[in-house]
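Just below is one structure, and these are the notes that go with it.
The values are calculated or read from the model by the stated rules, or taken from the named source; none is laboratory data. Remember, predicted model here, so these are calculated numbers, not experimental data.
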Amino acid sequence: MNTPSLLQIVERLERLAGRLPSKIRKAVLNELTPLKQLFLQQRPPRFLFAGSAKVPARKIISALFGSAEFVAPNTAAPLCRWFDVDFPERGKISIIDARGVDDSAAIHVRDELKYRAADIIFFIRDERIAQEMEKRELGELNSYLSWNETLETDRKIIEIIVPPYEKHDLGATRDEHALESSLVKPGVFLETLRLIPVDNNQGFELPPAEARRLMSILARELPNEARMEMIRISRDQEAQREVAQLLVKSTTAVSAAIGAQPIPLADLPILTSLQLTMISGIMYVSGRERSLRAAAEFAGALGANVGAAMLLREGARAILKFFPGWGNVVCGLVAGSGTYAIGRAATAFFIEGVSLKDARRTYLANRKRRRRRES
């Protein structure tokens, strides 16, 4: 499913929301906002590298994102400019490397950050350099923070410690809180992660537990527009599950609101499109391509297909709408419970890796459970 198709569905929902009562309209539009950010305004996450320049950017990228398969520009990136790093069939990130620049190059960094702010700053703290040099790097970090104008209320920093290869290379004992105490601009210090040496060619990596922690931090702290790309790159199952739950929650709320409105039969195509869009979105979160056709096939395999079974179920909802008051409420609950059950089954199948048979059981169990809770 391409972006124009998704955009058309969202536009239809927004037009329908305009016909809803004001309280419901606001709730529906609020639920549509994260969906639009995740799927329509999706962009690569943007990271700024500050601090020590002793380790090349390529090695830092490989260490942080756990892959040597990424494709960086063949030629050297323009000095202090944003450049994209592509992870084949997974996504891309944008990097600006502002380490070790002189005053004239720093002007380019300032201009780039004014144009496109970094989502998160990685401060590379090298234990092999003199402390005086580190103080200078911390001063540069404060400049980058002041230039990094974001729509967020804070600026986010992750400290990456580069250890010496040999114990005798270690300088004087470092202040563990030097970064936090040196910040003169508002900023949120997220975490300190320590690399470990892996070869004699100045290579480093994050230990597996640290790598998982980093992916969890990024998936949680990035703005919605950048989260999807990062989750597809990291393939972090917990982050995938979290976004899928957000998608199911928002889609369920919108379905229930639409289903409760007294417009017999007219909402059936909208609800169907919304449910299939939700399934295709969960597929995309899991690392697959979005496909409404594949989503429809999955729904059919669950027994929630858009053919006869769905028409009978939705036909019953349409009949209830001819009874004022309680009929509309029941219709909304039916639409919401059905959407929620489909979403949970899709999450179990595409992200948690259960069998289709178990996904079908999840669908039936969640539908019954949610109906009981709402009755």
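Quick look at the values:
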item	result
Selection within region 99-131 - assigned to a loop (DSSP other than H, G, I, E, B), within 24 Å of the chain's Cα centre (by Cα) and of a type in the set (A, V, I, L, M)	ALA117, ALA118
Single match in THR153, THR173, THR192 (criterion: assigned to a loop (DSSP other than H, G, I, E, B) and either within 22 Å of the chain's Cα centre (by Cα) or modelled with pLDDT of 85 or more (or both))	THR153
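Here is a yes/no grid of residues against (1) polar (S, T, N, Q); (2) assigned by TED's automatic domain parsing to the domain that holds THR277; (3) at pLDDT below 85:
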residue	(1), (2), (3)
ILE9	no, yes, yes
LEU13	no, yes, yes
LEU29	no, yes, yes
LEU32	no, yes, yes
ALA53	no, no, no
GLU69	no, no, yes
THR75	yes, no, yes
LYS92	no, no, no
ARG99	no, no, no
